[in-house]
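Quick notes on the structure that follows.
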Amino acid sequence: MSLLSQNILSQNEVKKSKRKKETTEPSYLVDIEDGEEANVDTLKIKARKKKSKEEQLLMEQVEEVKEMKKLENFLFGSLYSPTEFGKGDDEVQDRIAEGSDLFFTDRSANSVLSVYEGDADLSDGSHEDEDASQRKPAWVDEEEENSTVNIAKVNRLRKLRKEEDESLISGSDYVSRLRAQHVKLNPGTDWAQLDSRSKLDRSSDDESEDEENDVRVSHGYNDVDDILRTNEDLVVKGSSKLLPGLLEYSRLVDANIQDPSNGPINSVQFHRNGQLLLAAGLDRRLRFFQIDGKRNTKIESIFIDDCPIRKASFLPDGSQVILSGRRKFFYSFDLVKAKVDKIGPLVGREEKSLEAFEVSPDSHTIAFVGNDGYILLISTKTKELVGTLKMNGTVRSLAFAEDGQQLLSSGGDGQVYHWDLRTRACIHKGVDEGCINGTALCTSSNGALFAAGSDSGIVNIYNREEFLGGKRKPIKTIENLTTKVDFMRFNNDSQILAICSSMKKSSLKLIHIPSYTVLSNWPPPNKTLHYPRCIDFSPGGGFMAVGNAAGKVLLYKLHHYQHA
């Protein structure tokens, strides 16, 4: 019983005791002692009236107590026993008068969180029925099932489609997809999740060790209550298919806002941890930034005195950065030791420029574009020349495939070469359809696709296995650029292909690979990208960085991907 109800009852008892004292001495006895004669019947009538008034006051007090208890039950829950539907207030009051336990079982809470283990034994079959009835919604709109919504007709609703040709959906399905979209744009925080079971038993029940494969496996959700406690990745996941048409993105603070470049940006690349970004350009500085989308703190800046940087790239293992320019030598920067090493000129070679190169995904080989159709293979450990490959025409672009075991090259003869680096032999050579001079190559992360760009602005997308099998017809030809293709890059899951040309303002297009169509709302309609020169996606796909000739690194957030 609460302190509020105790105080009210004590005051009522004091008033009641006072009235009893006043009524213990009838007035007619006092009149008799004074010697005054009065009518006994009249006194009895007055006494009855007083008694009826007292009974009426007592009933009012009881009603007041009832109302106060109802108010307490409404605000603080039941103080005596759980509310039983179907019984009136009189029956509940009778149970209170007869006496009830001081402690009771709170049926609204989960049985796992009950303080007293003995309370679980008090539950019966009616408890399950009450839980089932509590899970039902309080109100259901009957018109939702009967109504339909055309999500393909309205532009801002196209993002709710699950299939490309989907148009009409039911009202209930429309509501659920809107809620899923809200969860996607407003993810919950970890500290606010009511995952009490994992917090209590984290040491023993949160994760299990797979002894055979040495893999830690998470339990996930055990019952429906666990799912209802969180909104984490229930409907929308980062690995879902990206829909064609419109891309959901937002502009963030420039990646190099704390130290803009004084010259064009020639290289931007994310480290494999997704937080470190390098930016390099013709001002001879290599800059590192910690990307968070808000401040983008500058970490370090390195000045290369005798080499305007044409290209800079992390090794895939994240240990070093390779820098090159129009020089006979190149540089290697060790991230662990913070040491810059100058390598070259290469023994036996007369190349005056090593500005174009690619690093193998296994971090074992660096392939440089040489003179007269030669491709120079450099070991990342010894930084020495370990082999060369020879094309019929000049070399202009390179791309690795098969985890560094194969190399693709293209150039002045309009053909695409496939090299096996284990045997140093050309395993296939095919004509790039409609290409006279190849200027750019790019392979997808899984190696299934590759894109070839030319100086006419045409980009052909091929299936690599079909191309090696003799099929020369591309899957799709992209004709949205009108000037030379300078740079191409697939994102982490190969659903987006970025192509750009540095010869025209805002000449940057994003291709939706599953449908092989251009995303129509990119580039931003009312904002210029200046002259884009390079682009990169973060390992998780959440960030996209664009370096331009104005010395800025534009940063964008892609909302389809939840992680950087």
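The values are calculated or read from the model by the stated rules, or taken from the named source; none is laboratory data. Since this is a predicted model, take the numbers as computed values, not measurements. When we count neighbours, we look across all protein chains shown, and the Cβ atoms used for this are built from the backbone with ideal geometry, even at glycine. All accessible areas refer to the heavy atoms of the entire protein, side chains included, with ligands and DNA or RNA removed. Shrake-Rupley method; radii C 1.70, N 1.55, O 1.52, S 1.80 Å.
Just a few scattered comments:
- Search result, residues across segment 449-500 that are open to solvent by 20 Å² or more (accessible area, probe 1.4 Å), farther than 22 Å from His418 by Cβ and either in a strand (DSSP E or B) or in contact with a Phe, Trp or Tyr (Cβ under 7 Å, 6 or more places away or on another chain) (or both): Asn492
- Any chance Asn266 is outside any strand (DSSP E or B) and either over 28 Å from Pro361 (Cα atoms) or touching a strand residue (DSSP E or B) at 6+ places or on another chain (Cβ under 7 Å) (or both): no
- Just one residue in the set Val340, Val359 is hydrophobic (A, V, I, L, M, F, W, C) and free of Cβ contacts under 8 Å to residues at least 40 places away in the same chain; that residue is Val340.
- Selection within segment 535-560 - open to solvent by 10 Å² or more (accessible area, probe 1.4 Å) and closer than 20 Å to Leu160 by Cα: Lys557, His559, His560
- There is at least one residue in segment 417-425 that is more than 22 Å from Lys484 (Cα to Cα), in a strand (DSSP E or B) and of a type in the set (A, V, I, L, M, F, W, C).
- Test: residue in segment 393-403 that is assigned to a loop (DSSP other than H, G, I, E, B), within 17 Å of Ser454 (Cα to Cα) and open to solvent by 30 Å² or more (accessible area, probe 1.4 Å): yes
- Within the span defined as segment 305-319, one or more residues are modelled with pLDDT under 95, assigned to a loop (DSSP other than H, G, I, E, B), under 15 Å from Lys383 (Cβ atoms) and open to solvent by 10 Å² or more (accessible area, probe 1.4 Å).
- Failed criterion for Glu300 (all others in (1) farther than 24 Å from Ala367 by Cα; (2) of a type outside the set (Lys, Arg); (3) open to solvent by less than 10 Å² (accessible area, probe 1.4 Å) hold): (3)
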